[in-house]
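The values are calculated or read from the model by the stated rules, or taken from the named source; none is laboratory data. For clarity, every value in this text was computed on a predicted model and none was experimentally measured. Here the Cβ is made from the backbone with ideal geometry for all residues, glycine too, and neighbour counts use every protein chain on show. In case anyone asks, the SASA skips ligands and DNA or RNA and just uses the protein heavy atoms, side chains included. Shrake-Rupley method; radii C 1.70, N 1.55, O 1.52, S 1.80 Å.
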Amino acid sequence: MNAPLKVALLGCGVVGSQVARLLLQSAADLTERVGRELELVGIGVRRPDADRHGLPEELFTTDPMELVNTPGLDVVVEVIGGIEPARSLILAAINNGASVVTANKALIAQDSESLFAAAQKQGVDLYYEAAVAGAVPIIRPLRESLVGDEIQTVLGIVNGTTNYILDQMDSEGLTFDTALAQAQELGFAEADPTADVEAHDAAAKTAILASLAYHTRVRGADVYREGITDITPTDLAAAREMGCALKLLAITNLTEEGAVSVRVHPTMVSLSHPMASVRGAFNAVFVESREAGQLMFLGAGAGGAPSASAVMGDLVTVARNRIRGVSGPGESVYAERQVAPMGATCTRYYLRLDVRDEPGVLAAVATAFADHRVSLKTVHQSALADDDVTGERSARLGVVTHLASESSVQKCVQQLAASGLVTAEIRLIRVEDS
């Protein structure tokens, strides 16, 4: 009888505890699917007082480096997150000849080069489906199923926390702070939600998607990033008036010059686009390729069980490869495209301008846009209440542009802000059509 494949688990939090549970409770089924037993030989945790989640006490160790150096390990599953000690542990596992399954988007986005180089040298696997969209299978389609096609656009909601917050603000009329508190109560948001609401999490995932789609190494730091902390009910009302939903979108495509444009920011999405109907804490990724056309991947993106499902899928694949003595695809970065600056982005824009309500102001605003060759699609004017102190009358302009470059629109904003015509900070939100 063939010996079991030895599996070590690093991390036993929300995701790790679910992975351990599946390994132990579904052992018989996994043996049939893999073709050999998967034996969980240890769980590395950082704190001796960590919650054991009802798992066998003898499996735990607070020395994860000793665990990954265990002779004869076949697969190491890393779900502790962060850069260190995760990077050192993964590299040690690979250098000892073990394949690795990870959910670590921050590490993959920052340092895929050294990880994949080590895996290739040792002839082992590095799989990371759970790093981007929880249970939504998007890494494997980009890495394998669509690898013979030409990807044109990848657009996604890749953070369930922010999608939940924006959805509650829109559907229930909540403020950002109230919606965030609700997300924390439900377990969708961490006690410190910064990584989610300031879009650091989404930026790392966007970098991974862009790297796969365009065969070019893109790092998290390359991604233009705006979070949702400044979104107000007024912004959501403006989106509804335009026939749009407001989403935090990850967007990557190629510029006319062939560079990779990669960004994550609040976006008004036409209600005719499939992304507009994605509600709650769900994730969705929309892919458009030359041959396959438009594809949509939708599912649960947050929580331990969905992420554990993606980890287990990778684990079964890696284990099968191990038995056959082969390894799956490595890092494909042959294209070496440049990452385009945000100023080169070309899209449509919504701008909200509170201006003095007096003759000539609208013409001056139009002139500012014309000066920078930004064509206006619509301009909507509404009156604002007079200032109680000065009695000054103001009006609100809702401006929607045709396609324009980011640099040109930002120059318009700067010119208008310095003109003396604008009475409040200019609001700018990008717009995506169907």
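Worth pointing out:
- Check on Glu392, on the phi < 0 side of the Ramachandran plot and open to solvent by 40 Å² or more (accessible area, probe 1.4 Å): yes
- Residues of the range 1-42 satisfying the condition of being over 23 Å from Ile323 (Cα atoms) and either open to solvent by less than 40 Å² (accessible area, probe 1.4 Å) or without any contact (Cβ under 8 Å) to a residue 24 or more places away in the chain (or both): Gly11, Cys12, Gly13, Val15, Gly16, Ser17
- Check on Glu58, touching a Pro at 6+ places or on another chain (Cβ under 6 Å) and of a type in the set (D, E, K, R): no
- Any pair with Cβ under 8 angstrom, 6 or more apart, that starts in the range 107-124 at a residue that is in contact (Cβ under 8 Å) with a residue 12 or more places away in the chain and part of a loop (DSSP other than H, G, I, E, B) and ends at one that is crowded, with 24+ Cβ neighbours inside 10 Å and of a type outside the set (A, V, I, L, M): Val124/Ser99
- Scanning the range 321-337 for residues that are surrounded by fewer than 16 Cβ atoms within 10 Å (Cβ to Cβ) and either modelled with pLDDT under 90 or among the charged types (D, E, K, R) (or both) turns up Arg324, Glu336.
- From Gly227, Gly280, Gly258, residue being on the phi > 0 side of the Ramachandran plot, open to solvent by 10 Å² or more (accessible area, probe 1.4 Å) and within 18 Å of the chain's Cα centre (by Cα): Gly280
- Residues considered: Ile94, Ile108. Of these, the only one that is surrounded by 23 or more Cβ atoms within 10 Å (Cβ to Cβ), more than 16 Å from the chain's Cα centre (by Cα) and either farther than 21 Å from Leu38 by Cβ or modelled with pLDDT of 95 or more (or both) is Ile94.
- Among the residues listed as Gln415, Gln381, the single one being open to solvent by 40 Å² or more (accessible area, probe 1.4 Å), in contact with a helix residue (DSSP H, G or I) (Cβ under 8 Å, 6 or more places away or on another chain) and not in a strand (DSSP E or B): Gln415
- Residue match in the range 191-213 (condition: in contact with a strand residue (DSSP E or B) (Cβ under 6 Å, 6 or more places away or on another chain), under 26 Å from Arg143 (Cβ atoms) and open to solvent by 20 Å² or more (accessible area, probe 1.4 Å)): no
- Residues that are closer than 16 Å to Leu248 by Cα, among the small types (Gly, Ala, Ser) and part of a loop (DSSP other than H, G, I, E, B), drawn from the range 153-186: none
- Considered as a group, the residues in the range 148-163 that are of a type outside the set (Val, Ile, Thr) and under 23 Å from Pro329 (Cα atoms) include one that is least open to solvent (accessible area, probe 1.4 Å), and that residue is Asp149.
- Contacts under 8 angstrom Cβ, first residue in the range 170-190 being closer than 16 Å to Ile228 by Cα, partner assigned to a loop (DSSP other than H, G, I, E, B) and open to solvent by 60 Å² or more (accessible area, probe 1.4 Å), 6 or more apart: Gln184/Glu190; Gln184/Ala191
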